[in-house]
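Read the figures in this text as sums done on the coordinates, not as results from a lab. Because the structure is predicted, anything quoted here is derived from the model rather than measured. Here the Cβ positions follow ideal geometry from the backbone for every residue, glycine too, while neighbour counts run over all protein chains shown.
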Amino acid sequence: MISRYQHVTGPVLVVGFTDDAFATRAGTRRLLDAFPRLRPQMLVIAPAQVGMAKIGHFGFLRGASEAALWPILLAFLRDGRSSNASGIDATPP
């Protein structure tokens, strides 16, 4: 399966959180290195940037994050960009 990673192409928004102890920025970059044909935009969010006290590894999937975080993903899916009303923009990894 790993040999097929090189065939995965396209833009991807990679979302990380400064308080995520599992998916660190370095680990995320290593994962992206396995997919050389992706065109990643990396977005690293501090909880305070979106008005939250904490997000962690699983917080994105919990109810409190819905209003703050899902619009970021929706903008990327709709417009191919990651900026949103909160002013958080993605950067190259």
Exercise. Just how large is the dipole of the stretch 2-79 about the Cα centre, in debye to the nearest 20, putting +1 at every Lys and Arg Cβ and -1 at every Asp and Glu Cβ?
Worked result: 260
Problem set entry | Segment TYR5-GLN49, length gained on full extension (0.36 nm per residue, minus Cα span) | 12.5 nm
Problem set entry | Where trypsin sites (Lys or Arg not before Pro) fall in DSSP loop in the stretch 23-66, at most 14 other Cβ within 10 Å | ARG37, LYS54, ARG62
Exercise. Taking N as the number of residues in the stretch 2-79, what is its Cα Rg relative to 2.2 N^0.38 Å?
Worked result: 1.18
For this session: Taking the dipole about the Cα centre of the stretch 2-79, with the C-beta of Lys and Arg at +1 and of Asp and Glu at -1, give me whichever of VAL15, LEU69, ILE55 is farthest to the positive side.
Result: VAL15
For this session: May I ask you to derive the FRET efficiency for LEU77 and THR18 from their Cβ-Cβ distance with R0 = 35 Å, giving the value to the nearest 0.05?
Result: 0.90
